[in-house]
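Read the structure below first, then the notes.
The values are calculated or read from the model by the stated rules, or taken from the named source; none is laboratory data. Being a predicted model, the structure only gives us computed values, none of them experimental. Positions of Cβ are backbone-derived with ideal geometry, glycine not excepted, and every protein chain shown enters the neighbour counts.
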Amino acid sequence: MAAPRIIVVGGGLAGLAAVIKIAEAGGTVDLFSIVPVKRSHSVCAQGGINAAKNLKGEGDTTDKHFDDTIYGGDFLANQTPVKAMCEAAPAIIDLLDRMGVPFNRTPEGLLDFRRFGGTLYNRTAFAGATTGQQLLYALDEQVRRYEAEGRVKKYEGWEFLSAVLDSKGQARGITALDLRTMELKSFAADAIILATGGIGAIFGKSTNSVVCTGSAQSAIFQQGAYYANGELIQVHPTTIPGEDKLRLMSESARGEGGRVWVPRKPGDKRPIKQIPEAERFYFLEEWYPKYGNLVPRDVATRAIHKVVYEEGLGIDGQPMVYLDLTHIDRETLNRKLEGILEIYEKFVGDDPRDVPMKIFPGMHYTMGGLWVDFNQMTNIPGVFAAGECEYQYHGANRLGANSLLSCIFAGFHSGPNALEYAKNLPAAEGDGGHGAELARQAELNGKLLKNEGTENPFRLWRELGQTMTEHATVIRYNKGLKLADEKIVELLERYKKVNLSDRSQWANTSFAFARQLKNMLELSRTVALGALLRDESRGAHYKPDFPERNDEKFLKTTKASFTGDIAGPRFEYEEVDTQYIKPRPRSYGAAK
Amino acid sequence: MATKTVAFEIKRQANPDAPAVWEKFELEWRPGMNVVSAMMEIAANPVTADGRQTTPVTYDSNCLEEICGSCAMRINGKARMACSALIDNLEQPIRLEPLSKFPLVRDLQVDRSVLFENLKAVKAWVPVDGTYDLGSGPRVFPQQQEVNYPLSNCISCTCCMEVCPQFNEETGFVGAATIAQVKLFNNHPTGAVLKEERLRALAGDGGIQECGFAQNCVEACPKQIPLTKAISDVGRDVLVQKAKDWLRG
């Protein structure tokens, strides 16, 4: 039997991690990515990566990391995979260190660790304030090495359109679009791994990169994969509002001592430095004395919302609060946070070493994603998923610096599992479904190119983003969620009249975007309707009309499946694996 | 009240064989606007200043935080990243052109894969034994980390190559970015095992001796990487390597 062929879609941390494991095990990989893999969204992660190495003499353990992660996620994550991830974390850090990641060091030359939200331990390894960039590069370099050896073939500038499924519903490859020549092609594989990242674009502006549309996940969802916990969306408490996107201000700013405050007097007009300490409202420190500024993200986000919208204390009456680093000396700030401080300086024009930053919460991460089993396989045989595009590791709220870890862990886990699956796969009957799937995609493409109408896809997208941000982020009401779904249905209807202002067959970005948009719209419904159905508050999901967690009814994974019907996806619920840690109330006012 | 507007002139080219044309755009000014948000505006309303329908502009972009290296282009003649080019700091009309040293794809999009090929040629990686658990990495003192970290911040934007007078088809020069990566990996305790191979890769035609010390690279680098220092350090190592290889015969 010929050596198994694996296709990995997406070249961020999870995708590259999977590629490395497959290549190391002797397999060959075709790696597809919209952008050159070195430009993937993982570069944006700033603060660090968690591992209980206990190098600060605090008595930290992988069990405590496990407990913090489960508790931080409000008990919605299946515990078996999370436990495995936390146990694997220290060795993953060592490996990254061996690969040359320039982690910050202690004077003795050992790895330095900082503290992040939702824990009381210094557990976060970091490389300045550009940890994601450094980790991605380390894996990118290893993949380049395998590429030079001929074990990996990269298809950069290709966009995944769909899986090719045979008559038994098993994966036999993918169809993809060359974004330059606009050529549609199918590629054979015995297993495919989707590592296609986040879905920020369905919220219009977010901290995500341009390519994070969720289009690939949505395509496979529409082919029959379950989408799990779609309603669980993390809004990062500290982002810099911008015209084109919301730029992240890393949690490490608070990890290194940054304090969040507003003037106690609404609309205080005095220059910042003349506002005395007693007249500053450090609301996180007052409300959460144990964790202070390092409460988990959902807690910090809601507190900022409350201060701005309920107490009317936003700076100058605007939806903004201060994130203040000016009490820390410049040298320390430059050594530990230079990368993120530069971002603020460059994009806002003020020096955060002198002037407190103005920040506000923004959509950041999806805890939900493709449903996978403990081997990272979706319910479609041969289709695996790893990284932000799947749901497995963060429950109802992700802790800071756990995302880089979950990407690498899941990537490492999915690669060998896909290989194992592929080895046992019988040969395909006939063409394995390639002809039919190619024809289906060619028809979709042809129809879109020729479509007559008046709707501009970029304007439809803006309307989607506005409605999702308004109704499906920090605070959710059932009335608003229904409105959001009605709006999505309206947009789907108007999409039928979409008109491309560019009908050329060369590097046509409008065409590629219009295809993504359809998928964004379909996926948005799982978010809005999933949220509508979850009548409780848990982690990042907060409904003032249902302020308590309801374990009896909702300690369950939401599973959405595509119907193609106007009524929207079908929802079912699955028990959560809670075999190690019994669910208990989650509160950050005191030690847990 | 008349709204404040922003004027753009964008060089358009439908494909590598099509003629280049300049199109003018007039957009409503908004606070905090940058070149990328302006192009998003054009995509949502692709109409030129004289009211003619056109197509959205093709350009590379991804993170919009100046960390992915995608959106390099020439803005008012200067090679830089479009996401961090704030409109309020630019003279109008704002002229956008593609990078000139790379094969054009369409409009402002070019093919910069040559950099990734160069990184392959110099083996810009640490050759680890494997990904299984082999314990912790080598000790690195903070002083060493502080030298390596800035080199590792290279975002592969290719601005340094665009502005280099020596980077052209005639010389085949690898450019500053690749040389800085050679320094980074030669500095690493394990990466150093491939040091000789990397230096030899830079010893021939298109290698380090093509550098003409114009120093444009270090000025253009959006990440302030000490590129000229890296070139002089690696240049010295290449000479030493050449001498060693000559003595060995």
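Kindly indicate whether A:F32 is within 28 Å of A:H364 (Cα to Cα), more than 10 Å from chain B (Cβ to nearest Cβ), buried (at least 24 other Cβ atoms within 10 Å of the Cβ) and within 22 Å of the chain's Cα centre (by Cα). Spell out the reasoning first.
Numbers: within 28 Å of A:H364 (Cα to Cα): yes; more than 10 Å from chain B (Cβ to nearest Cβ): yes; buried (at least 24 other Cβ atoms within 10 Å of the Cβ): yes; within 22 Å of the chain's Cα centre (by Cα): yes.
For A:F32, the condition - within 28 Å of A:H364 (Cα to Cα), more than 10 Å from chain B (Cβ to nearest Cβ), buried (at least 24 other Cβ atoms within 10 Å of the Cβ) and within 22 Å of the chain's Cα centre (by Cα) - is met.
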Inset, instruction - Return only the number of the condition from (1) buried (at least 20 other Cβ atoms within 10 Å of the Cβ); (2) within 14 Å of chain A (Cβ to nearest Cβ) that B:L202 does not satisfy. - result: (2)
Legend entry - Breaking point among (1) in contact (Cβ under 8 Å) with a residue 40 or more places away in the chain; (2) among the basic types (K, R); (3) surrounded by 15 or more Cβ atoms within 10 Å (Cβ to Cβ), for A:K346: (1)
Inset, instruction - Please state which of the following conditions B:D133 fails to meet, knowing it meets all the rest: (1) of a type in the set (D, E, K, R); (2) within 12 Å of chain A (Cβ to nearest Cβ); (3) within 30 Å of A:T332 (Cα to Cα). - result: (3)
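Yes or no: B:V6 within 12 Å of chain A (Cβ to nearest Cβ) and either outside any strand (DSSP E or B) or without any contact (Cβ under 8 Å) to a residue 40 or more places away in the chain (or both)? Walk me through it before giving the result.
Details: within 12 Å of chain A (Cβ to nearest Cβ): yes; either outside any strand (DSSP E or B) or without any contact (Cβ under 8 Å) to a residue 40 or more places away in the chain (or both): no.
Judged against the criteria, B:V6 is not a match.
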Inset, instruction - Just give me the residues in the range A:278-301 being of a type in the set (D, E, K, R), at pLDDT below 95 and out of contact with any strand residue (DSSP E or B) (no Cβ under 8 Å at 6 or more places or on another chain), in sequence order. - result: A:K290
Legend entry - Residue tally, condition within 12 Å of another protein chain (Cβ to nearest Cβ), among the charged types (D, E, K, R) and surrounded by fewer than 19 Cβ atoms within 10 Å (Cβ to Cβ), over the range B:39-91: 2
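For B:F185, indicate whether it is of a type outside the set (D, E, K, R), more than 17 Å from the chain's Cα centre (by Cα) and within 25 Å of A:I20 (Cβ to Cβ). Full working, then the answer.
Working: of a type outside the set (D, E, K, R): yes; more than 17 Å from the chain's Cα centre (by Cα): yes; within 25 Å of A:I20 (Cβ to Cβ): yes.
The answer is yes for B:F185.
Hey, could you check the range A:67-94 for residues that are free of Cβ contacts under 8 Å to residues at least 40 places away in the same chain and surrounded by fewer than 24 Cβ atoms within 10 Å (Cβ to Cβ) and say which is farthest from B:P189 (Cα to Cα)? Talk me through it step by step, then tell me what you get.
Keep residues of the range A:67-94 that are free of Cβ contacts under 8 Å to residues at least 40 places away in the same chain, which gives A:86-87, A:90-91, A:94.
With the extra rule that they be surrounded by fewer than 24 Cβ atoms within 10 Å (Cβ to Cβ), the set shrinks to A:87, A:90-91, A:94.
Values: A:E87: 28, A:P90: 21, A:A91: 19, A:D94: 15 Å.
Among them, the one singled out is A:E87.
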Inset, instruction - Determine the pairs where a residue that is within 14 Å of chain B (Cβ to nearest Cβ) and over 17 Å from A:K358 (Cα atoms), located within the range A:324-343, has a partner that is of a type in the set (A, V, I, L, M) and part of a helix (DSSP H, G or I) with Cβ atoms under 9 Å apart, the partner being 6 or more residues away or on another chain. - result: A:N334/A:L341
Inset, instruction - State which residue pairs qualify: first residue under 18 Å from A:V19 (Cβ atoms) and inside the range B:122-137, second residue of a type outside the set (S, T, Y) and assigned to a loop (DSSP other than H, G, I, E, B) in any location, beta carbons under 7 Å apart, and separation of 6 or more residues or different chains. - result: B:V126/A:M99; B:V126/A:G100; B:V126/B:H188; B:V128/A:M99
Legend entry - Residues of the range A:84-100 classified as among the β-branched types (V, I, T) and within 8 Å of another protein chain (Cβ to nearest Cβ), total: 0
Inset, instruction - Scan the range A:571-592 for residues that are under 24 Å from the mean Cα position of the chain (by Cα) and exposed (fewer than 13 other Cβ atoms within 10 Å of the Cβ) and jot them down. - result: A:E572, A:E575
Inset, instruction - Test each condition in (1) at negative phi; (2) not in a strand (DSSP E or B) for B:G32 and report the one that comes out false. - result: (1)
Inset, instruction - Go through the range A:184-209 and count every residue that is surrounded by 24 or more Cβ atoms within 10 Å (Cβ to Cβ), farther than 30 Å from A:A427 by Cβ and within 14 Å of another protein chain (Cβ to nearest Cβ). - result: 8
Inset, instruction - Report, by residue number, each residue of the range A:498-511 that is more than 17 Å from A:R459 (Cβ to Cβ) and either more than 7 Å from chain B (Cβ to nearest Cβ) or under 30 Å from the mean Cα position of the chain (by Cα) (or both). - result: A:R503, A:Q505, A:A507, A:N508
Legend entry - Options B:F116, B:F141, B:F173, B:F102: the member that is facing chain A (nearest Cβ under 10 Å) and either closer than 28 Å to A:V35 by Cβ or of a type in the set (S, T, N, Q) (or both): B:F116
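Pick from A:K559, A:K553: which is of a type in the set (K, R) and in a strand (DSSP E or B)? Give the steps one after another, and end with the answer.
Working: A:K553 fails: in a strand (DSSP E or B).
Of the residues listed, the single one that is of a type in the set (K, R) and in a strand (DSSP E or B) is A:K559.
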Legend entry - Any chance B:T48 is out of contact with any Pro (no Cβ under 7 Å at 6 or more places or on another chain), farther than 14 Å from B:P222 by Cβ and hydroxyl-bearing (S, T, Y): yes
Inset, instruction - Output yes when any residue across the range B:235-244 is surrounded by fewer than 23 Cβ atoms within 10 Å (Cβ to Cβ), touching a residue at least 24 places away in the same chain (Cβ under 8 Å) and either under 16 Å from the mean Cα position of the chain (by Cα) or closer than 30 Å to A:E338 by Cα (or both), and no when none is. - result: yes
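Can you tell me which residue among A:L179, A:L136 is surrounded by fewer than 24 Cβ atoms within 10 Å (Cβ to Cβ), of a type in the set (A, V, I, L, M) and under 20 Å from B:S156 (Cβ atoms)? Give the steps one after another, and end with the answer.
On the way: A:L136 fails: surrounded by fewer than 24 Cβ atoms within 10 Å (Cβ to Cβ).
Just one listed residue meets the conditions, A:L179.
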Inset, instruction - Quick one: B:L247 ticks every box in (1) modelled with pLDDT under 95; (2) not aromatic (F, W, Y); (3) not in a helix (DSSP H, G or I) except a single one, so which number is it? - result: (3)
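I need the full set of residues from the range B:61-83 which are in a loop (DSSP other than H, G, I, E, B), under 14 Å from B:A38 (Cα atoms) and touching a strand residue (DSSP E or B) at 6+ places or on another chain (Cβ under 7 Å), in order please.
Here is the first cut: in the range B:61-83, the ones in a loop (DSSP other than H, G, I, E, B) are B:61-71, B:76-77, B:82-83.
Restricting the remaining residues to those that are under 14 Å from B:A38 (Cα atoms) gives B:61, B:64, B:71, B:82-83.
Selection gives B:C71, B:A82, B:C83.
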Inset, instruction - With respect to A:A531, determine if the residue is hydrophobic (A, V, I, L, M, F, W, C), out of contact with any Phe, Trp or Tyr (no Cβ under 7 Å at 6 or more places or on another chain) and buried (at least 20 other Cβ atoms within 10 Å of the Cβ). - result: yes
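Kindly indicate whether any position in the range B:158-169 is within 12 Å of chain A (Cβ to nearest Cβ), touching a strand residue (DSSP E or B) at 6+ places or on another chain (Cβ under 7 Å), crowded, with 17+ Cβ neighbours inside 10 Å and under 24 Å from A:N104 (Cα atoms). Can you show your working first?
Residues of the range B:158-169 that are within 12 Å of chain A (Cβ to nearest Cβ), as a first pass: B:158.
Among the residues that remain, those that are also touching a strand residue (DSSP E or B) at 6+ places or on another chain (Cβ under 7 Å) are: B:158.
Next, only the ones that are crowded, with 17+ Cβ neighbours inside 10 Å stay: B:158.
Filter once more, so that each one left must be under 24 Å from A:N104 (Cα atoms): none.
No, the range B:158-169 contains no residue that is within 12 Å of chain A (Cβ to nearest Cβ), touching a strand residue (DSSP E or B) at 6+ places or on another chain (Cβ under 7 Å), crowded, with 17+ Cβ neighbours inside 10 Å and under 24 Å from A:N104 (Cα atoms).
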Inset, instruction - Would you mind telling me which numbered condition in (1) surrounded by 24 or more Cβ atoms within 10 Å (Cβ to Cβ); (2) under 28 Å from A:Q516 (Cα atoms) A:S252 fails? - result: (2)
Legend entry - Index of the failed condition, B:K11 passing every other in (1) touching a Phe, Trp or Tyr at 6+ places or on another chain (Cβ under 9 Å); (2) of a type in the set (D, E, K, R); (3) surrounded by 22 or more Cβ atoms within 10 Å (Cβ to Cβ): (3)
Legend entry - Residues that are in a loop (DSSP other than H, G, I, E, B) and either under 26 Å from A:K543 (Cβ atoms) or in contact (Cβ under 8 Å) with a residue 40 or more places away in the chain (or both), drawn from the range A:265-317: A:P266, A:G267, A:Y288, A:P289, A:K290, A:Y291, A:V295, A:P296, A:E311, A:G312, A:L313, A:G314
